[in-house]
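Reviewing the structure listed below.
The values are calculated or read from the model by the stated rules, or taken from the named source; none is laboratory data. These figures come from a predicted structure and were not determined experimentally. Positions of Cβ are backbone-derived with ideal geometry, glycine not excepted, and every protein chain shown enters the neighbour counts. Ligands, DNA and RNA are stripped out before the accessible areas are found, and what is left, the full protein with its side chains, is counted by its heavy atoms. Shrake-Rupley method; radii C 1.70, N 1.55, O 1.52, S 1.80 Å.
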Amino acid sequence: MPEKTMRDAINEALHQAMEQDESVFVIGEDVAGCSGSAGDVGAVGGVFGVTEGIYHRWPDRCIDTPISESAIVGAAAGAALVGMRPVAEIMFADFIGVCMDQIVNQMAKFRYMFGGKSRCPAVIRFSSGGGFSAAGQHSQAMYQVMTSFPGLKVVVPSNAYDAKGLMLSAIQDDDPVLFFEPKILYQETADVPDETYTIPFGEANFVREGDDVTVVAFGQMVPKAAAVIDALAEEGISCDLIDPRTTSPLDENAILESVEATGRLVIVDEAPPRCGLTADIAGLAADKAFSSLKAPIKQVSAPHSPTPFSPELEAAYLPDADKITAAIKATLA
Amino acid sequence: MSIAKETLLHAYRTMRTIREFEERVNAEIMNGQIPGFTHLYTGQEANAVGVCTHLDESDTIISTHRGHGHCIAKGAEVSGMMKELFGSSEGLCKGKGGSMHVADIDKGILGANGIVAGGPPISVGSALAAKIRKNGKVAVSFSGDGSVNQGTCFEAMNMAVVLQAPAVFVIENNYYSEHTSINYAVGCDDLKARTEAFGFPVFVADGADFFAVHEAAGKAIAHARAGNGPAGVFAEQGRYHGHFVGDPQAYRAEGELEDLRENHCPLKNFRARMAETDELSEAELDAIDAEVMAEIEQSVTDAKAAARPTAEQVTEDVYIQYTATA
Ligand SMILES: Cc1ncc(C[n+]2csc(CCOP(=O)(O)OP(=O)(O)O)c2C)c(N)n1
Ligand SMILES: [Mg+2]
């Protein structure tokens, strides 16, 4: 199987979806690039290169916009409401702050408020998360916030293989989907088939299997947790590592079954802790698997603080191998 | 309009400081010394300086992601800024903000801003405070040709008119927003007219000419200060670098950058004007250049030696009181 970066895997999914379905189109800031300039329109393909080459194949369906996030998301929602399958790019997940109304009050709620009579098959893509010294307004995960809104499906891939299959599922899905691409993983590679394939939403991936501790991790924390678990295996500690892949819908059964078997739970996410996914999963386990627990649940997250700029501060801010290791060992103490 | 010699000296020094600061930052990014996302202001120096020469410390500015020039022009300390860009805990923002968030509230610098068009509404708030306090202060926001297409910018402009607040909207057209031309992203062909349609006057200037910007900004700021409501400045001048360091700049026309550097340089233009009018001598200007070079060199030396932040500092300054326990 060919190795591809996560960036290329998502790009391939977009190309294949565009080939298969004429109602799919891409819209956002610089998704083509160079519009109106002396240069070659389409030369950019998104600031992270995820929409590369799409304009040159389908100039009518790869649409550069002004810097107007509310209008971009609203236009995607509106086009979807009348039967198109837009894939909108919001360059950084943090810019949800600019277009929150169109996401949470509009597209998320159409179907419910309209009595089940509408469909809004829009996908909004975001680069997300920390690790670039990009400071408070260009580093947030944001998926944990959006998971709390009923009506939205929320996807967080942790590797190139999943990213492609999840993107193809997202585009086929008839509900609005928010697709968060941990930007620190864009250049990470995995074996990715050339053919199309889908990965169903709400089906967790068991990245590692073990008996002692259940570890649930999201996005860029999945490879970090996997490395920790591999190191702990040499000390004789064996862990399940569960990557939910979609936070809404959430594969509750996979998590609960694992916790029932191991009796220990560590949850790892890069976002701050309050009202986040670590608390969400801890609550789930406390509610539905309490009698299986042999130790207190451990949450590993960023602190309740914005993302700092300085590399030393950001390194201390994001969960790292030491913190994940300590949490796993604490459940075994 | 004649400008006092002191002001001329200050304006030239400030433009030169911005130029050398940015060129050095560019080099330090290439050396891997400055982390994060950095956007350089080189070429646009006359805009910031032409505007800020009319302001004192208690007038406010709010800046953009391309903020170094605005901050220096409004009096931010160069060495504190350099330390901030290097991520030192001795930086202006203790290494918490970096390039996109340089701020110095005491100097009326309400911050660079990583959100395009995040600034104008905040600036209207500062202008409103000046109106309520009747203190004759103005609030200036800087926006790019891309930023003006954001709803927040429209809302701020309209509300400033409704409130008759002394807000000054400085629009810097450098022809591109990231990789997209203004010809595409601004739907009408007259951005000045579109802005004036909100209901305030907009004064136009060649952004390569300090004297033109100074004159246009002087009119706009006087209008706002006098209690006539908001006003605008529209200055055109290209940036010399890419959108960010490393941008391949596929959108440029052949020879565009060479032409900009050669024929549209605010520093060269300033010197040419001084040679004509004899207001400042070449020796005076050369001396400023040398002093600025030394100051920038020193700021980098200091930044490299400055204290690094420690892990405990991550959760400091989230609130004034209340430290979260997580
Ligand atoms: C809300 C938001 N959308 C998009 C971006 C990404 N972005 C940063 S700068 C920029 C272009 C801004 O163009 P302009 O306003 O002309 O300013 P210039 O960069 O030319 O100084 C874009 C799209 C952002 N930072 N914030
Ligand atoms: Mg611009």
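If you check A:Asp251, A:Asp243, A:Asp322, A:Asp280, which single one turns out to be modelled with pLDDT of 95 or more, under 30 Å from A:Gly165 (Cα atoms) and open to solvent by 50 Å² or more (accessible area, probe 1.4 Å)? Steps first, please.
On the way: A:Asp251 fails: open to solvent by 50 Å² or more (accessible area, probe 1.4 Å); A:Asp243 fails: open to solvent by 50 Å² or more (accessible area, probe 1.4 Å); A:Asp322 fails: under 30 Å from A:Gly165 (Cα atoms).
Step by step, each of A:Asp251, A:Asp243, A:Asp322, A:Asp280 is checked, and only A:Asp280 is modelled with pLDDT of 95 or more, under 30 Å from A:Gly165 (Cα atoms) and open to solvent by 50 Å² or more (accessible area, probe 1.4 Å).
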Is there a residue in segment B:35-45 that is away from chain A (no Cβ under 14 Å) and of a type in the set (Val, Ile, Thr)?
yes
When A:Gly263 is evaluated against the numbered criteria (1) at positive phi; (2) touching a Lys or Arg at 6+ places or on another chain (Cβ under 8 Å); (3) open to solvent by 40 Å² or more (accessible area, probe 1.4 Å), which criterion, by number, is the only one it fails?
(3)
Apart from one, (1) within 16 Å of ligand 1 (Cβ to nearest atom); (2) closer than 25 Å to B:Ala235 by Cα all hold for B:Gly97; the odd one out is (2)
Tell me, yes or no, whether segment B:236-243 has at least one residue that is in a helix (DSSP H, G or I) and in contact (Cβ under 8 Å) with a residue 24 or more places away in the chain.
no
Being within 16 Å of ligand 1 (Cβ to nearest atom), in a loop (DSSP other than H, G, I, E, B) and touching a Phe, Trp or Tyr at 6+ places or on another chain (Cβ under 8 Å) is the filter here, so list the residues in segment B:1-46 that pass it.
B:Gly36, B:Phe37, B:Thr38, B:His39, B:Leu40, B:Thr42, B:Gly43
If I filter segment B:253-268 for residues that are open to solvent by less than 70 Å² (accessible area, probe 1.4 Å) and in contact with a Ser or Thr (Cβ under 9 Å, 6 or more places away or on another chain), do I get at least one hit?
yes
Regarding segment A:173-191, can at least one residue be identified that is in contact (Cβ under 8 Å) with a residue 24 or more places away in the chain, touching an Asp or Glu at 6+ places or on another chain (Cβ under 9 Å) and more than 30 Å from A:Ser310 (Cβ to Cβ)?
yes
Going residue by residue through segment A:297-318, is there one that turns out to be out of contact with any helix residue (DSSP H, G or I) (no Cβ under 6 Å at 6 or more places or on another chain), away from chain B (no Cβ under 11 Å) and farther than 26 Å from B:Tyr319 by Cβ?
no
For segment A:18-132, which helices (runs of 4 or more DSSP H) that fit wholly inside it have 1 or more residues that are of a type outside the set (Phe, Trp, Tyr), open to solvent by less than 10 Å² (accessible area, probe 1.4 Å) and more than 14 Å from chain B (Cβ to nearest Cβ)?
A:54-57, A:69-81
Do we have any residue at all in segment B:158-168 that's under 27 Å from B:Gly238 (Cα atoms) and within 16 Å of ligand 1 (Cβ to nearest atom)?
no
